[in-house]
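Derivation of every value follows stated rules applied to the coordinates shown; laboratory data play no part. This one's a predicted model, so the numbers in the text were calculated from it and none came from an experiment. Glycine also receives a Cβ, built like all others from the backbone with ideal geometry; neighbour counts cover every protein chain displayed.
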Amino acid sequence: MVAAVAALATELTVMLIAAEESWGYLGIGLSAIGLLVIFRARWVGLSLTTAGGIASALFADEYIGVWTVTVFATFIFARQGRHVLPAVTVSASSLYLALVLREGGDFDAAGALIAATFCVAAGAAGSAVRLQTESWDAARQRAEDLAMAQAAQLQQAVTDERLRIARDLHDVVGHELAVVNVNVGVAEISLPENSDASRAALRSAREGLQRTLQETQQILDLLRRTNDENEHRVELPLAEHIPSMVERLRIAGSVVETEIVSPLPSLDAEVSAAAYRIVQEALTNAGKYGTGPARLTVVATDGWLDIDVVNAIRRDDPSVNSERDGYGLVGVRERTQAAGGELTVFQTDDTFRLHVELPTKGRPQ
């Protein structure tokens, strides 16, 4: 970006010094506007910078700076998303033809060939950077999911062991203490008269046993407690963040129609995190394998959170089923089951629908 701005500034300075005619500044103006809007409106920005390159080639004595901006805009377009080939074709062919006209119709003009070649190279470089970034993001997401899964497994193992200890403590120690307490009580009331010392000793023993039973119950409660409010928790994206995720997808170029209940009902933390990841995976799959807009519906009914994602798919494309049944759909199924929900998948020749029902209070204990 800095290089493109510097190129425009340099060319503008040269033109001012040379006192070129007003038409010569048209290319710089169009390119500058294109740079300002290309990050928000890719086609508009690329069209303006390409028009700027054409105008400079036809009307200005110096055009290298504006041509540099066109190449940079092609790179940015390819870096941000899809439809790279049409964009490269537009920018490369437009600059090539403009420079051919400048050179008097010589289709072998070196400058024209170089301009077109650089546009193609910029598109290829932008696509490569985008694919590499997506690969890194996917790898990072997999690593984060794996780390969270391992942490959850470790926590589950600890919880299972605590529950096992609690069961053993309850079944063995608690039961035996209760039996001894009853026997002490029977012995206390069965003592003959004038056994005050023995009665006092048994009363003391019974009170001690009762205190021990209370403390044992407290220990059991502690062992059974799996959600410590004072325990540090990892901040996970929750269901309330779904609208912001959809907005990020829209900015990236995806078309998503939404119907999301607002406000969302109170959700169990695990259910809320699962809902976010399920929607994320479903919309990602819709973007990969779909052919049109995806429709997301999130509603709450009778203690359940219903998630519905529908999108059109390509007809007679065997890769859709084979690829879509990979880790993404498996991950959705696992998250749904872990949260105590149900997953249903519907598919016709041209439509794919994923429907998930999650209990708002979490998996029944």
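What the phi angles of region 31-40 give under the Karplus curve with 6.51, -1.76 and 1.60, with θ = phi - 60°, is a coupling list of 5, 5, 5, x, 4, 5, 9, 5, 6, 9 Hz, glycine and proline written as x.
Other residues whose C-beta falls under 12 angstrom from the C-beta of residue 73 contribute a net charge of +2, scoring Lys and Arg +1 and Asp and Glu -1.
Applied to region 128-141, the Karplus parametrisation 6.51 cos²θ - 1.76 cosθ + 1.60 on θ = phi - 60° returns per-residue 3J(HN,Hα) values of 5, 5, 4, 5, 5, 5, 4, 5, 4, 4, 5, 5, 5, 5 Hz, with x for Gly and Pro. Using only side-chain charges placed at the Cβ, +1 for Lys and Arg and -1 for Asp and Glu, the dipole size of region 239-359 relative to its Cα centre rounds to 400 debye. Extension gain for residue 136-residue 241 works out to 35.5 nm (0.36 nm per residue, less the C-alpha to C-alpha distance).
Couplings 3J(HN,Hα) for region 283-293, derived from phi with the Karplus relation 6.51 cos²θ - 1.76 cosθ + 1.60 (θ = phi - 60°), are 6, 4, 5, 4, x, 6, 10, x, 10, x, x Hz, where x marks Gly and Pro. Placing unit charges on the Cβ atoms of the charged side chains and taking the dipole of region 239-359 about its Cα centre, the candidate lying farthest along the positive direction among 242, 336, 274 is 242.
What FRET efficiency would be calculated for the residue pair residue 129, residue 173, taking the C-beta separation as r and a Förster radius of 56 Å, to the nearest 0.05? Here the calculated transfer efficiency is 0.30.
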